[in-house]
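A short write-up of the structure that comes next.
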Amino acid sequence: MTDSEIRIKLRHSSEEGYQALFETYFNYVYSITFHILRNCATREDIEECVADVFLEVIQHYDTSHDGSVKAYIGTVAKRKAIDVSRSVSTRNSHTISMEDEKLTEIPSSSRVDDMVETSERNRILIDCILSLGEPDSSIILQKYFYDRNSVQIAKMLHLSPPAVRMRCNRAMKRLRKLLSENGKKAF
């Protein structure tokens, strides 16, 4: 469903419009929030974040605005997920169980440095992927993070499988360039 069709539905019946919005963009919002929160949050936290994204969109989206609905939802999803990541990280840093078997060894400073570096690298990677824009960022996320093939991705994004493969190749070239500009090795 296109942005203009969603806006028309929202103007006609907000319930039908938001249902169409949810059905069209659920996978997109979930993939953004999942990739930001996967290392620090539970599945319930991720699902709650997705629900919060749609709640915020319902409360604040202006149907008279002609901008991209997908870009608006993507921005809301990214910001919400970052907020949840911060709150979950803060919550987890204050709660330590002494009975947890994983805490039998205190990590050395070099391991902590490696973990921080890896986390930073992952953040840069996700930021670079999201900066590719749509549908390229969704194609990359679906292919390399969810292991979906071009036929599955094509169905999700309403493209042809050859178009998905072509866009994926071009997006990977752009992603490599973005990553090299950030001083990181590409894949």
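Worth pointing out:
Rundown of residues vs (1) exposed (fewer than 14 other Cβ atoms within 10 Å of the Cβ); (2) touching an Asp or Glu at 6+ places or on another chain (Cβ under 8 Å); (3) small (Gly, Ala, Ser); (4) without any contact (Cβ under 8 Å) to a residue 24 or more places away in the chain, yes/no style:
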position	(1), (2), (3), (4)
ASP3	no, no, no, no
ILE6	no, no, no, no
ARG11	yes, no, no, no
ALA20	no, yes, yes, yes
ASN27	no, no, no, no
SER31	no, no, yes, no
LEU37	no, yes, no, no
ARG43	yes, no, no, yes
CYS49	no, no, no, no
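- Counted residues, the range 62-86 - those being surrounded by fewer than 13 Cβ atoms within 10 Å (Cβ to Cβ) and either β-branched (Val, Ile, Thr) or more than 17 Å from the chain's Cα centre (by Cα) (or both): 5
Here is a yes/no grid of residues against (1) among the aromatic types (Phe, Trp, Tyr); (2) modelled with pLDDT under 80; (3) not in a loop (DSSP other than H, G, I, E, B):
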{"residue": "LYS80", "(1), (2), (3)": "no, no, yes"}
{"residue": "VAL88", "(1), (2), (3)": "no, yes, yes"}
{"residue": "PRO107", "(1), (2), (3)": "no, yes, no"}
{"residue": "ASP114", "(1), (2), (3)": "no, yes, yes"}
{"residue": "THR118", "(1), (2), (3)": "no, yes, yes"}
{"residue": "MET166", "(1), (2), (3)": "no, no, yes"}
{"residue": "GLY183", "(1), (2), (3)": "no, yes, no"}
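- Qualifying residue in the range 129-136 (condition: in a helix (DSSP H, G or I), among the β-branched types (Val, Ile, Thr) and either open to solvent by 80 Å² or more (accessible area, probe 1.4 Å) or farther than 18 Å from LYS78 by Cα (or both)): no
- Filter result for VAL84 (out of contact with any Phe, Trp or Tyr (no Cβ under 6 Å at 6 or more places or on another chain) and under 22 Å from SER119 (Cα atoms)): yes
The values are calculated or read from the model by the stated rules, or taken from the named source; none is laboratory data. Keep in mind that what you see is a predicted model, and the values were worked out from it rather than measured. Ideal geometry is used to build each Cβ from the backbone, glycine not excepted, and the neighbour counts take in all protein chains shown. Calculation scope for accessible area: heavy atoms of the full protein, side chains included, ligands and nucleic acids excluded. Shrake-Rupley method; radii C 1.70, N 1.55, O 1.52, S 1.80 Å.
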